[in-house]
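The values are calculated or read from the model by the stated rules, or taken from the named source; none is laboratory data. Note that this is a predicted model, so its numbers are computed, not measured. Because the Cβ atoms are built from the backbone with ideal geometry, glycine has one as well, and the counts that use them run over all protein chains shown.
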Amino acid sequence: MPLHLIFRKLRAVGPVTIGTGLERQGKRAFIAACGADDCGWSSDYDTYPAAEIAARGHRCRVR
């Protein structure tokens with residue numbers, strides 16, 4: 001994960017958690033990360049709706 005974040009406003013969508021934080025340049029970023037053991041899926045987005053769509057569309061292969 002390329003972001004240096006302090007997470008705020010965590011929200012769970014199924015096994016995926018969406019967090020808000022700051023990039024190294026001070027720009028706001030949104031992270032969607034799967035909380036299932038051994039999944040390892042995560043991605044960063046510029047907008048919250050994009051992160052929420054990715055969280056809703058994630059199909060965890062571990063579960």
**OP:** Could you please give the count of residues in region 14-63 that are hydrophobic (A, V, I, L, M, F, W, C), modelled with pLDDT of 85 or more and assigned to a strand (DSSP E or B)?
**Re:** 8
**OP:** Scan region 10-63 for residues that are in contact with a strand residue (DSSP E or B) (Cβ under 8 Å, 6 or more places away or on another chain), surrounded by 14 or more Cβ atoms within 10 Å (Cβ to Cβ) and among the small types (Gly, Ala, Ser) and report the count.
**Re:** 11
